[in-house]
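**Q** Could you have a look at this structure, given as structure tokens, before my questions?
The values are calculated or read from the model by the stated rules, or taken from the named source; none is laboratory data. Just so it is clear, the structure is predicted and the values come from calculations on it, not from any experiment. Using ideal geometry, Cβ is built from the backbone for each residue, glycine included, and neighbour counts are taken over all protein chains shown.
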Amino acid sequence: MVKQVTTDCQERLEQFLSAVEAAQKLQDDILKYGLNAAYLYCEDLEGDWLERWDEDKEEDISLKIVSFLESDDTLALTVRNLLKDKSLSEIAVELEKYLSLDGEEERIFAVKTFLVDNVLSRESNYSFGDGIDLLELAEKLVKKLVYVVESGK
């Protein structure tokens, strides 16, 4: 057991030293080349990657959510049946907005409110006694979407 702890400490020390060496090399390159040192570390420095940074991230999240909603997952089927008046892209945009909230409770209650509002606004004779607990559904949906967005599955 002691040997394993020593190995773990040794690995962390080696990682730390490696990071310090990389930082020193960066500092030396900046002193030697000035701002042109950025060209040594970045492939697409002149591109518009900074302007597109948020767009790519948002598109990826929306696409992942839509992909999940299109799947045969029982949770996705329940959401599609419950919100059949909305397109999948509309649902994904709303869910993405709620996932960006801070705190799990805020996300869950925002999704629950979204579900309740859409169920109540629908003209059908849907009743809450049909065996669907919207709070439980919102909790499961938030957990699943966080997993889908983070893992890409």
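**Q** Against the definition (closer than 30 Å to Ser87 by Cβ, modelled with pLDDT under 90 and among the basic types (Lys, Arg)), how does Lys3 come out, yes or no?
**A** no
Here is a yes/no grid of residues against (1) assigned to a helix (DSSP H, G or I); (2) among the hydroxyl-bearing types (Ser, Thr, Tyr); (3) modelled with pLDDT under 80:
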site	(1), (2), (3)
Arg12	yes, no, no
Gln24	yes, no, no
Ala38	yes, no, yes
Glu46	no, no, yes
Ser67	yes, yes, no
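**Q** Kindly establish whether Leu95 is under 15 Å from the mean Cα position of the chain (by Cα), at pLDDT 85 or above and not in a helix (DSSP H, G or I).
**A** no
**Q** Separate question: Test Ala110 against the criterion of being in the same structural domain as Ala23 (by TED's automatic domain parsing) and either at pLDDT 90 or above or small (Gly, Ala, Ser) (or both), and give yes or no.
**A** No, not satisfied.
**Q** Output the residues belonging to the stretch 60-87 that are over 16 Å from the mean Cα position of the chain (by Cα), surrounded by fewer than 18 Cβ atoms within 10 Å (Cβ to Cβ) and either among the aliphatic types (A, V, I, L, M) or not assigned by TED's automatic domain parsing to the domain that holds Val142 (or both).
**A** The answer is Leu75, Leu77.
**Q** Filter the stretch 69-90 down to the residues that are in contact with a Lys or Arg (Cβ under 8 Å, 6 or more places away or on another chain) and within 16 Å of Leu115 (Cβ to Cβ), then identify the one that is modelled with the lowest pLDDT.
**A** Looking at the filtered set, the residue picked out is Asp85.
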